[in-house]
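Please read the structure below before turning to the comments.
Just so it is clear, none of the values below were taken in a lab; they were calculated from the coordinates. These numbers were taken from a predicted model, which means no experiment stands behind them.
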Amino acid sequence: MTSIFTRLSRALAVVALLCVTTPLFADEGGPSRALLGTTVKETSTERLEHALHQFSNWANWLELLLGVSLAVGLATLLAYHPRTSRRRDLVEASDERKTLVILGVIGAVVAALVVIDQSMALVIFGIGSLIRFRTVIGNPHMTGRAILVVVIGLACGLSQFVTAIVIAAAAWVVIWWLHARRAAEIKVRLPVGADRARGQLLAVEAMRRMNIRVQSQTASASGKSLSFIAQVPASLTDEALAQSLESSLLHEVGRVEVEFSGD
């Protein structure tokens, strides 16, 4: 499986190189700028004086603090989105959320470094070509959200606070909409001697009353179980669905067992 960090490092390198080449598109009447701009001083004495001066410059502290803090806050907002809080594998979900927050910080730090010294873009590009990490993020939804929090972190690191907030707010709404339903496979095990056709009809009707969209339905060769591929409302928990489905079939079919697989 291709590493998410490999993809992100390449994406960050592209963004960093765009920061480098931006001066090429400046107005002809504007001041000339080097392709690889830098604020790093030439001599050791100048660099040391500049570094010590940064400690007394409150604006440096405030800009960096606001950028990193906002990146952490917005990344956390997306990582712990309420629509994605019902994961069955809680350990894996927790690791993914922590990773998203860290990626937001990485984006802010990378942007801050490129602003200080645009030649850092080449360093980031080189590191991105060498890094091959494995990660807990393994599904396309989390990959997309990881790239999104990195972009938001980049905006924060560039002091584009309004842009970062607007993007995060729009992303939060989109995630809420996209995760309004979750895909799931619902398996219903029928009791011995139950009417399979009757049970299948009642199960579909019960799920429709719960606003579950049944996309396909199949029966096992033995006729002892029914499988449904459906879109389940995010607000409906597995326990509530199972209890409602079991009670709906109890009097007509008998005691059934309900199993789930999916998001």
task: Classify the stretch 141-235 as rounded, prolate or oblate from the Cα gyration tensor: take a ≥ b ≥ c as the square roots of its eigenvalues, call it rounded if a/c is under 1.5, otherwise prolate when a/b beats b/c and oblate if not.
output: prolate
- prompt: Residue by residue through the stretch 163-172, which ³J(HN,Hα) values in whole Hz follow from phi under the Karplus form 6.51 cos²θ - 1.76 cosθ + 1.60 (θ = phi - 60°), with glycine and proline marked x?
  reply: 4, 5, 5, 5, 4, 5, 5, 5, 5, 4
message: Restricting the calculation to Cα positions, tell me the Rg (one decimal) and the Dmax (whole number) of the stretch 181-262 in Å.
response: 11.5, 34
